[in-house]
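Asks: Here's a structure for you.
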Amino acid sequence: MPSVISRSTAKAAGLQYYFTGKVCKRGHVAERFVSNTSCIECHRVHHAVWYKRNSEKVRAKSAARHRANPEKRRAIDAARKRRNPDLFAAKAGRDAARRRAPDCVPSDFNVRDTIPFYREARHLARTTGIPHEVDHIIALILGGKHEASNLRVISRAENLRKAADEREELVRSRSSTQGGNVP
Ligand SMILES: [Zn+2]
């Protein structure tokens, strides 16, 4: 729970959020935007609904912008990555997961919940010199979800071994549902 800070104090300090500790009209105890006093949870839920309805359009628009001006996109991405590498990695992880399994990201997904995993992977890689990756405990190809409860950090070598095992398991489960290998 964040500590209580009034809107005026937060505003004077140049912060984006303040916190009253009181419930919003939809029952969240969450920070509010200094700019417009709306609850960040309400905003997140509203945005998730909106995004679900418009995601195709948003993605198409962003891809078109990317094609129109790749240099600019790269510069913006690089700046974002510098500013908040863990958030950047978490978003990249979510997008990569979505490409592998379009339905693996839950509708109430909040990328911030997954940042600690990407931070830990980067930290371990830096401190041990061994590349580490964020792994799905239940693999996406086996129906696992891209969400905090299904994430963990393992070394890249371990991840590659696991991926090979999962492919084998997938092949086995397919052949058994087709009745191919049943004695
Ligand atoms: Zn709310």
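Asks: Run lengths n ≥ 4 of DSSP H only: what is the helix-derived mean residue ellipticity at 222 nm for the chain, with -39500 (n - 2.57) per run over all residues, to the nearest 500?
Replies: Theoretical 222 nm ellipticity from helices: -18500 deg cm²/dmol.
Asks: Another question about this same structure. Grab the other residues whose beta carbon is less than 11 angstrom from that of Glu133, score K and R as +1, D and E as -1, and report the net.
Replies: Numbers: positive: Arg122, Arg152, Arg156, Lys162; negative: Glu120, Asp135, Glu158.
Local net charge: +1.
Asks: Can you list, largest first and rounded to whole Å, the semi-axes you get for the chain by taking the square root of 5 times each eigenvalue of its Cα gyration tensor?
Replies: Listed largest to smallest, the semi-axes of the chain are 36, 21, 20 Å.
Asks: Turning to a different aspect of this structure: What is the helix-to-structure angle for 156-177, meaning the angle in degrees between its Cα long axis and the longest Cα principal axis of the chain, kept from 0 to 90 and rounded to the nearest 10?
Replies: It works out to around 60 degrees.
Asks: Further, regarding this structure: Explain nothing, just the number: relative contact order of region 69-177, from Cα pairs under 8 Å at least 6 residues apart, as a whole percent.
Replies: Dividing the mean separation by the residue count of region 69-177 yields 21 percent.
A short reminder: the numbers here are calculations on the coordinates, not readings from a lab. The structure presented is a predicted model; accordingly, all values stated were derived computationally and were not measured. Positions of Cβ are backbone-derived with ideal geometry, glycine not excepted, and every protein chain shown enters the neighbour counts.
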